[in-house]
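Chemist: Pasting in a structure now, in structure tokens, and then I'll have a few things to ask.
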Amino acid sequence: MINGEPVYNMKIGIFGGSFNPIHYGHLVLAEHARDAAGLDRVILIPAYESPFKRGTGGESSIHNLNMTRLAAEGNPNLEVSSMEVDRGELSYTVDTMRKISEKCGPDDRLYFIMGADSFFSLEHWMGAEELLRSYSFVVARRPGCEAGKIEETADWLRRKYGADIIIVPVPQVEISSTDIRERFHSGRSVRYLTPDSVIDYVTSHGLYR
């Protein structure tokens, strides 16, 4: 059961991140991963506080959750979970995947969606062996990315852990949350970088000043 709704015999994509703010690069990755891997749906999970970005929790995580919900509106294949924000603790992927697994049916399969940069360091994450043995991974390969290195890393993890890894091509979208925050701060345009609903939310709440 996810967000109170039962799910059965499904391939469910899990896409976590700070989403501070969410932008079209995130949405393109979510949609292409869903399509290429044949996922039934993708759940976006904004972090309360990432172990890689300390000091980002609290009220900021509530805003990120609200903006993610706005960005996902209109796409029936996307949903947003507040589980990490509600937990109010440092967000570790292994803990989140365990919690979701407990609410899924025995024949459901979870696919963690990630970019290549994160994939290269995955073996060093907390609970990495459990993650690699228990769940599937959808790894985005963008144009110009080190395709050979991705394949080499995937082969190593398959041999060592029996990992189920799907590598999917995703269009290059050069957008970053850091750049968007800086643009808001300096009064520059962010149109076409993130949905208008997110722009309106940031403006109305005076974020990133």
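The values are calculated or read from the model by the stated rules, or taken from the named source; none is laboratory data. Keep in mind the model is a prediction, meaning the values are calculated, not measured. Quick reminder, even Gly has a Cβ in these numbers, built from the backbone with ideal geometry, and neighbours come from all protein chains shown. Protein only, heavy atoms only, side chains kept; ligands, DNA and RNA dropped before computing areas. Shrake-Rupley method; radii C 1.70, N 1.55, O 1.52, S 1.80 Å.
Chemist: Please list, in order along region 95-105, the HN-Hα scalar couplings obtained from phi with the Karplus expression 6.51 cos²θ - 1.76 cosθ + 1.60 (θ = phi - 60°), rounded to whole Hz, x for Gly and Pro.
Modeler: 5, 5, 5, 4, 4, 5, 4, 4, 9, 9, x
Chemist: Pairs on different chains or at least eight residues apart, Cα atoms closer than 27 Å: how many lysine pairs in the chain fit?
Modeler: Lysine pairs satisfying the spacing and distance rule in the chain number 8.
Chemist: Amide H to amide H, which residues 5 or more places from S50 or on other chains are under 5 Å from it, using H placed in the peptide plane?
Modeler: Placed amide hydrogens put T56, S91 under 5 Å from S50.
Chemist: Using the Karplus equation 6.51 cos²θ - 1.76 cosθ + 1.60 (θ = phi - 60°), what ³J(HN,Hα) coupling, rounded to whole Hz, does each residue of region 162-171 give in order, writing x for Gly and Pro?
Modeler: Each residue of region 162-171 in turn: x, 5, 9, 10, 10, 9, 10, x, 10, x Hz.
Chemist: Could you list which residues have their amide H under 5 Å from that of G13, counting only those 5 or more apart in sequence or on another chain, with H placed in the peptide plane?
Modeler: Correct list: D40, R41, V42, I43, Y111.
Chemist: If you don't mind, another one. Loop-only check: which GluC sites (Glu not before Pro) in region 110-209 are DSSP coil with at most 13 other Cβ within 10 angstrom?
Modeler: Here the sparse-neighbourhood loop sites are E146, E174.
Chemist: With a probe of 1.4 Å, find how much accessible area the chain has per residue, and write the answer as a whole number in Å².
Modeler: Accessible area per residue: 49 Å².
Chemist: Each residue of region 183-198 in order: what ³J(HN,Hα) in whole Hz does its phi give by Karplus 6.51 cos²θ - 1.76 cosθ + 1.60, θ = phi - 60°, with x for Gly and Pro?
Modeler: Values, residue by residue: 5, 4, 4, 9, x, 8, 5, 10, 4, 6, 9, 8, x, 4, 5, 6 Hz.
Chemist: I would also like to ask the following. Roughly how many debye, to the nearest 20, is the charge dipole of the chain about its Cα centre, given +1 on each Lys and Arg Cβ, -1 on each Asp and Glu Cβ, and no other charges?
Modeler: With Lys and Arg at +1 and Asp and Glu at -1, about 280 debye.
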